[in-house]
Each structure stands twice: as C-alpha cells, then as structure tokens.
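The values are calculated or read from the model by the stated rules, or taken from the named source; none is laboratory data. Keep in mind it's a predicted model, so treat the numbers as computed, not measured. A quick note on method: Cβ atoms are made from the backbone with ideal geometry, for glycine too, and the neighbour counts reach across all protein chains shown.
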Amino acid sequence: MTYALITGASKGIGKAIALELAKRGHHILIIARDADQLAATAKEIKEAYKVDCQFLQLDLSTTDAPDKVLAWCAENKFDVNILVNNAGYGVSGSFLNYDMKAYQNMMQVNMSTPLALILKFVPVLKQHPKAYILNIASSAAYQAVPGLAIYAASKSFVLSMSRGIRYELRDTPISVTVVNPGATDTNFANRADIKSAKAIRAAEKLNMKAEVVAKMAVDGMYAGKAEVVTGLINKIGAFLTVILPKSILEKGAGSLYGV
C-alpha cells in the first residue's frame, strides 16, 4: 500500500491537495503543527473517500523534523511514492521588522525542510515504478518583492531547486513538479501579517479557491510538467517578469505592499 505524504496539510492548499489525491484513490499522510486540525482533516478524508489517512503533529521549523518524518514512515511501514512539500509561510513589511530568528524559522520551513525531505525520501521514491515530488512555491518566486523580500527569495529557491533536481533525476522514476500559485483563498495574508490595504484588496480580487489550485497542481504533477503557474492572471504576471525591467517590477511591488 502506497501513500502520498503532504506537509502543511491541515488547511489551505495542502489540505486541498490531500483531498484531491484522496479523491483519486490515494492513501494519505498529512503533517502539520495543529493536531486538532490534522485529526479533523484525517477523519474527513477517511469518511469521504474510504482511503487510509494518518497524521503526524510536527513543527517543521525544527532542524530534526525531516528525520522524525522519515522515522515515522519507517516505523509504521508507510511506503511513500508521492512527496508534496507544501508547508510554508511568509512575513511582510520592512525586512528590518524581524530578527534573524524569525527569518531562520521561515527559511527552515520554506527551504531547508523541503530540501531535507527530498534528500531523505529520494531513495524511497526510487523503489517505485513511478514516483512524484510536488513542491509548492509562489508567483512571488519570479521577482524581488519589497515588503515580502525574504519570503519571495525563499520561494525563488524552491523554484530553482525544483527545476534543477528535476533535470538531475530525469533518468529515474521520479518526476518533479513545482507549482507557483498567486493569491489563493487561504490564511496566508493573516499569517504573514500583511497590513497594506492595497495588497489585501488586490488579493481579494484575484483570489483563487484552494481546491482549484490543488486540482491544477495534481493534474500538472501527473502530466509530468516541470512547472505550473495557476490562473491566467498569474501566467501573465510571470511573463511580465521576463520582459519588464526589474526596477519597474520592484517599484510596483513595493507600492503594493506599502514599503
């Protein structure tokens, strides 16, 4: 029996991906910090789709989290053939508003933990005729974003890493896909403490449903796509980052986020 392992899956895009994969008959492993939300999500998945769903309450900002995930799977004989690195968050405003500890925690969740999980699970994934790594980055990965500077940089890392390791794994059974969502109807803005009314209004106009993003992500993963940008507006935005001067893009983003 094989499982899809999804981090940050108690709510938002991660939960929607877990539900989408369960709908397609996959057994599910979900990991996040909130045990109550995880238990509720696991119950929902089991009842709705009649698949197994197990959960692990874990803070993914700790450096030993990837070892704990691997040990949990090994001890329970959970055979993983899909790894979804979804967990991530941002902090907004001037980069001077936060200390290094705050950034280290965010970079651990957004960058180091996904990389460590990939390194640890590639030997497991290689044992399958076909396996998948699905990494969730952001439309912010395509440019510098004043007001979300370190978050955007962390997602640029995820995008570049994903494409690089995809090429390196091209002769293995493992397909790597990176998804770059834009504004999505999740708790991101609250978690990032975005105070700019202009940014909030823009997000509300462009918000996509997490379920729609999840379906696009899973479809893209199974199609073997290298990269998925969700929604027409986000595709146009990604294209503009190629043709417009960086200074114009940065000024526009800075104005949006009030810095």
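Would you check which residues across region 123-165 are among the β-branched types (V, I, T), part of a helix (DSSP H, G or I) and within 18 Å of the chain's Cα centre (by Cα) and list them? Quick ask: steps written out before the conclusion?
At the first step, the residues of region 123-165 found to be among the β-branched types (V, I, T) are 124, 133, 136, 145, 150, 158, 165.
Remaining after also requiring part of a helix (DSSP H, G or I): 124, 150, 158, 165.
Result: I150, V158, I165.
Yes/no matrix, rows are residues, columns are (1) under 16 Å from the mean Cα position of the chain (by Cα); (2) of a type in the set (K, R); (3) outside any strand (DSSP E or B):
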| site | (1), (2), (3) |
| --- | --- |
| Y3 | no, no, no |
| A16 | yes, no, yes |
| G25 | no, no, yes |
| A42 | no, no, yes |
| K46 | no, yes, yes |
| V51 | no, no, yes |
| F55 | no, no, no |
| L60 | yes, no, yes |
| T63 | no, no, yes |
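When residues of region 27-39 are filtered for being surrounded by fewer than 23 Cβ atoms within 10 Å (Cβ to Cβ) and either in a loop (DSSP other than H, G, I, E, B) or aliphatic (A, V, I, L, M) (or both), how many remain?
Residues in region 27-39 being surrounded by fewer than 23 Cβ atoms within 10 Å (Cβ to Cβ) and either in a loop (DSSP other than H, G, I, E, B) or aliphatic (A, V, I, L, M) (or both): 4 in total.
With the condition kept exactly as written, say whether any residue in region 74-83 is buried (at least 22 other Cβ atoms within 10 Å of the Cβ) and more than 19 Å from K126 (Cα to Cα).
no
List pairs: first in region 238-259 and farther than 22 Å from A137 by Cβ, second loosely packed, with under 12 Cβ neighbours inside 10 Å and of a type in the set (G, A, S), Cβ under 6 Å, 6+ apart or cross-chain?
Close Cβ pairs satisfying both conditions: none exist.
Say we look at region 230-246 and pick out the residues that are touching a helix residue (DSSP H, G or I) at 6+ places or on another chain (Cβ under 7 Å) and within 16 Å of V179 (Cβ to Cβ); which of these is surrounded by the fewest Cβ atoms within 10 Å (Cβ to Cβ)? Talk me through it step by step, then tell me what you get.
Taking region 230-246 and keeping what is touching a helix residue (DSSP H, G or I) at 6+ places or on another chain (Cβ under 7 Å), we get 230, 233-234, 237-238, 241.
Imposing the further condition that a residue be within 16 Å of V179 (Cβ to Cβ) reduces the set to 230, 233-234, 237-238.
Working: T230: 23, I233: 15, N234: 22, G237: 19, A238: 17.
Among them, the one singled out is I233.
Based on what the data block shows, is D171 part of a loop (DSSP other than H, G, I, E, B), acidic (D, E) and either touching a Lys or Arg at 6+ places or on another chain (Cβ under 9 Å) or modelled with pLDDT of 95 or more (or both)?
Details: part of a loop (DSSP other than H, G, I, E, B): yes; acidic (D, E): yes; either touching a Lys or Arg at 6+ places or on another chain (Cβ under 9 Å) or modelled with pLDDT of 95 or more (or both): yes.
So D171 fits the description; yes.
Got a sec? Which of T7, T41 is in contact with a Leu (Cβ under 9 Å, 6 or more places away or on another chain), touching a residue at least 60 places away in the same chain (Cβ under 8 Å) and of a type outside the set (D, E)?
Working: T41 fails: touching a residue at least 60 places away in the same chain (Cβ under 8 Å).
Answer to the selection: T7.
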